[in-house]
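Structure, as structure tokens:
The values are calculated or read from the model by the stated rules, or taken from the named source; none is laboratory data. Source: prediction; values computed, not measured. Note that we place each Cβ from the backbone using ideal geometry, even for glycine, and neighbour counts take in every protein chain shown. Surface accessibility is based on the protein's heavy atoms, side chains included, excluding ligands, DNA and RNA. Shrake-Rupley method; radii C 1.70, N 1.55, O 1.52, S 1.80 Å.
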Amino acid sequence: MLFDYEYILKIKKIISLFKIKNLKILDFGCGNGIWSHDEIIILANLKKIILFDHNKNLIPLLKKKYNNKKVDIEFNFKNIIKKKYNMIIFSSVIQYIDPAKLKRIIYQLSQNKKNLIIVITDIPFLPRYFEFLLTPIFNLKRFFFIFKLIFSVKYKNLKYFTYKKNFFYHFNKQFKITFKKNMHDLKKLRYSVILER
């Protein structure tokens, strides 16, 4: 996640939702990496995770963290479009992507991919500061982490977008859409969506 928030997304939890034998995941907006190194090693049906982020300064950190043949670090958007993957994960990242740009990204990444699942987790639907006021009720640890960020100039200047569920109906011609509880720790304040074809 953004700004070193320590959260491990359970690959097993996501894989259990689908029956995919040779799973190749594109983690779009990977940040510092949310994958457990041990889980990557033991999951037989997981063949590859491609890590992508716009911040190229993360490359040395990710190479050190994921010294594994199953992990491919690729920070060139044109290159990831050409790569083979059957699942894309956007984990706690779309709130920093303009909705029009997100539509373009999803269309570009899904071109020429017949069987594809897109999992988008940690989607905010409330304004940033309203969500911040409610966070201590649901996750005190995350609240204190966000509290430190609120006063950061970098965080204040960062554009932040919320997504109502109807935004995802733009993709209903291409994908079957399923809304789920958030796969992250803010179950009541955020949600997840799966786009599948």
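Residues are listed down the side, and each one gets a yes or a no for (1) among the aliphatic types (A, V, I, L, M); (2) under 20 Å from residue 189 (Cα atoms); (3) within 16 Å of the chain's Cα centre (by Cα); (4) modelled with pLDDT of 95 or more:
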| residue | (1), (2), (3), (4) |
| --- | --- |
| 67 | no, no, no, no |
| 100 | yes, no, no, yes |
| 138 | no, yes, no, no |
| 148 | no, yes, no, no |
| 159 | no, yes, no, no |
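Only residues that are part of a helix (DSSP H, G or I) and either under 21 Å from residue 93 (Cα atoms) or in contact with a His (Cβ under 8 Å, 6 or more places away or on another chain) (or both): list them for the stretch 64-81, please.
If the condition is that a residue be part of a helix (DSSP H, G or I) and either under 21 Å from residue 93 (Cα atoms) or in contact with a His (Cβ under 8 Å, 6 or more places away or on another chain) (or both), then 65, 77, 78, 79, 80, 81 are the ones that fit.
Restricting attention to the stretch 36-63, which residues are open to solvent by 30 Å² or more (accessible area, probe 1.4 Å), in a helix (DSSP H, G or I) and modelled with pLDDT of 90 or more?
56, 57, 59, 60, 61, 63, listed by residue number.
Within the stretch 176-197, can you find the residues that are crowded, with 19+ Cβ neighbours inside 10 Å and modelled with pLDDT of 90 or more?
189, 190, 191, 192, 193, 194, 195
For residue 107, are the conditions met, namely being over 21 Å from residue 182 (Cβ atoms), among the aromatic types (Phe, Trp, Tyr), open to solvent by 30 Å² or more (accessible area, probe 1.4 Å) and part of a helix (DSSP H, G or I)?
Yes; evaluated as a whole, the condition is true for this residue.
Within the stretch 74-83, is there a residue that is open to solvent by less than 70 Å² (accessible area, probe 1.4 Å), farther than 30 Å from residue 131 by Cα and of a type in the set (Asp, Glu)?
Yes.
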